[in-house]
């Protein structure tokens, strides 16, 4: 079992615009050409921040048109939020707050032998990294720049750097990069 941050980013390192829009992303390619179908088949639990969850709530009609359901995941999902949020009916969604270590234990139990997906955002993935719980980063780098927005990974990681495992071209608009997170990382904030 691994804990993975799987996401898409602009060439200049943003996963969404300042107002949480992903409109830049969808014209770049077909998700079925990426590793997503095989990736999601190996996921047993998900974690996401409140901004990601609220984006999904705002786009429930579009999601339902594409998948047949307003919530596209059958796996249990932990949503990190400091405020109450509405729940999607008939979805296994757990609102949590606080330290990711405590929640990760419950997620591991629920995932069984499958992987844990840190859906987003970047700060939540950073919290898992800070707690030494992140094993892998898989990112689809899109062929656009946004200039500013929500950062891919708002952490400094230099010593040791992430270890590049693979690179793959995905259609005309993406490069898929897969990185392992070193287990012997040092504090880069000093």
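Any read-out appearing in this document is the output of simple, stated calculations on the displayed coordinates, not a laboratory observation. Not measured: the values here are computed from a predicted model. A quick note on method: Cβ atoms are made from the backbone with ideal geometry, for glycine too, and the neighbour counts reach across all protein chains shown.
Brief remarks on what is shown
- Cβ-based exposure ranking for 114, 169, 150, in which fewest neighbours within 10 Å come first: 169, 114, 150
- Adding -39500 (n - 2.57) for every DSSP H run of four residues or longer, then dividing by how many residues the chain holds, sets the calculated 222 nm ellipticity at -6500 deg cm²/dmol.
- log₁₀ of I(q)/I(0) at q = 0.17 Å⁻¹ - the chain, Debye sum with one point per alpha carbon: -1.26
- Interatomic Cα distance distribution for segment 97-190, bins of 10 angstrom, percent: 14, 41, 35, 10, 0
- Sequence of 157, 93, 118 once ranked by neighbouring C-beta atoms within 10 Å, starting from the fewest: 157, 93, 118
- Working from label points 7 Å from Cα in the Cα-to-Cβ sense, the residue 180 to residue 144 distance is 3.4 nm.
- Subtracting the Cα-Cα distance of residue 83 and residue 54 from 0.36 nm times their residue separation leaves 9.3 nm of extension gain.
- The stretch between residue 130 and residue 92 holds 11.0 nm of extra length on full extension. This uses 0.36 nm per residue minus the Cα-Cα distance.
- As a rough footprinting exposure proxy, the listed residues 83, 168 were ranked by other beta carbons within 10 Å of their own, and the order from fewest upward is 83, 168.
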